[in-house]
Every structure is written in C-alpha cells, then in structure tokens.
Amino acid sequence: MTFNLARLPEGDRQRVQLDKQAALLVWRCRLGQASRDDVVKAITQQPAEYQEYFRDRLNHYREVKGSHEQ
C-alpha cells in the first residue's frame, strides 16, 4: 500500500478529494456556514459517476460528526 497520494490511480485520487470535500461541507453545516441548498449544489456539481459516492460520504460524516440538518 502506498502512502503517496499522487501515485494513486485517478479514480482513487478523485475519491480522496470528494471525501475531504464532504467532511468540510458537513463541518460547515454544523457551524451554520452552509445550508441544505449548498449541499444540493455541491452534489450536483460533481461528475455524474461520483455523485452517489459523494452523497454516501456526506451521509457518513453526518452520522459520525452530526449535523444541524437532517
């Protein structure tokens, strides 16, 4: 297993970035800096093949970290 993220295949690098974006978005929702509309916009801005993955990561972080919006 490599720890150099630059050496990962493109799809894996994209999933790492989406994971970070999802964590940030849930954190911003907790602080009241992002709304449900921001979440919907972030999902629709992702490429179609990654939207379901992004949604899954949002749900994961919302369950783990909690969120003011359900």
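Could you list, in sequence order, all residues of segment 24-37 that are touching a residue at least 40 places away in the same chain (Cβ under 8 Å) and either out of contact with any Gly (no Cβ under 9 Å at 6 or more places or on another chain) or open to solvent by 80 Å² or more (accessible area, probe 1.4 Å) (or both)?
Within segment 24-37, just C29 meets the criteria.
Please find, among R15, R7, R57, the residue that is charged (D, E, K, R) and at pLDDT below 95.
Every option except R7 fails the conditions.
Might you check whether a residue that is open to solvent by 80 Å² or more (accessible area, probe 1.4 Å), touching a residue at least 12 places away in the same chain (Cβ under 8 Å) and part of a loop (DSSP other than H, G, I, E, B) occurs anywhere in segment 56-68?
The answer is yes; a qualifying residue exists.
Take segment 1-18 and flag every residue that is open to solvent by 40 Å² or more (accessible area, probe 1.4 Å) and either under 16 Å from K65 (Cα atoms) or not polar (S, T, N, Q) (or both).
Matches in segment 1-18: M1, F3, L5, A6, R7, P9, E10, D12, R13, R15, V16.
Can you pull out every residue in segment 38-47 that is assigned to a helix (DSSP H, G or I) and either open to solvent by less than 40 Å² (accessible area, probe 1.4 Å) or at pLDDT below 95 (or both)?
Scanning segment 38-47 gives V39, A42, I43.
Note down all Cβ pairs under 8 Å where the first residue falls in segment 1-21 and is within 14 Å of I43 (Cα to Cα), the second is in a helix (DSSP H, G or I) and open to solvent by 80 Å² or more (accessible area, probe 1.4 Å), and they're at least six residues apart or on different chains.
none
The values are calculated or read from the model by the stated rules, or taken from the named source; none is laboratory data. Note that the structure is predicted; figures quoted are calculated from it, not measured. When we count neighbours, we look across all protein chains shown, and the Cβ atoms used for this are built from the backbone with ideal geometry, even at glycine. SASA here: full protein model, heavy atoms, side chains in, ligands and nucleic acids out. Shrake-Rupley method; radii C 1.70, N 1.55, O 1.52, S 1.80 Å.
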